[in-house]
């Protein structure tokens, strides 16, 4: 397998795994299912792209097109993770609250309503800026470690 891809995928897996103990530290709630969820600290999106960009910079050099592609697409991914996806998650919170609001409005005037989607929308989609930064730092460390550990002597 391509070393850069292996390092990036390992960074994503590590970031996903770290979400469980970090969540436990702050909430005292053990939730192993967080490994398969989006959002949370650290951002696995950021970890993956930052580790790949760091690896490419150290392996191929910064003046290469490989580095430029990795950097630009990595920045887009990190911006999207904390911007658009986070806003979508916040909007989803409001949509999920509408059911409760409708019940309160029609408390005295019951109305027949058939719910078409029994599952609430997924609320934790994006990342806070600190979660993106945490993932990026983890990624830089993983990318550098991957480069130096796989470097031919």
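Summary table below
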read-out	value
Criterion violated by residue 55 - all others in (1) more than 18 Å from the chain's Cα centre (by Cα); (2) part of a helix (DSSP H, G or I); (3) surrounded by fewer than 18 Cβ atoms within 10 Å (Cβ to Cβ) satisfied	(3)
Any hit, the stretch 14-25, residues being over 19 Å from residue 137 (Cα atoms), in the same structural domain as residue 140 (by TED's automatic domain parsing) and outside any loop (DSSP other than H, G, I, E, B)	yes
Any hit, the stretch 121-137, residues being modelled with pLDDT of 70 or more, part of a loop (DSSP other than H, G, I, E, B) and out of contact with any helix residue (DSSP H, G or I) (no Cβ under 8 Å at 6 or more places or on another chain)	no
Near pairs, Cβ below 7 angstrom, 6+ apart or cross-chain, from the stretch 6-21 (on the phi < 0 side of the Ramachandran plot) to any residue that is outside any helix (DSSP H, G or I) and at pLDDT below 95	15/42; 15/43; 18/42; 19/40; 19/41; 20/31
Test result for residue 62, assigned by TED's automatic domain parsing to the domain that holds residue 150, closer than 17 Å to residue 144 by Cα and either surrounded by fewer than 18 Cβ atoms within 10 Å (Cβ to Cβ) or touching a residue at least 60 places away in the same chain (Cβ under 8 Å) (or both)	yes
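The values are calculated or read from the model by the stated rules, or taken from the named source; none is laboratory data. Since the model is a prediction, treat every value here as computed from it, not as a measurement. When we count neighbours, we look across all protein chains shown, and the Cβ atoms used for this are built from the backbone with ideal geometry, even at glycine.
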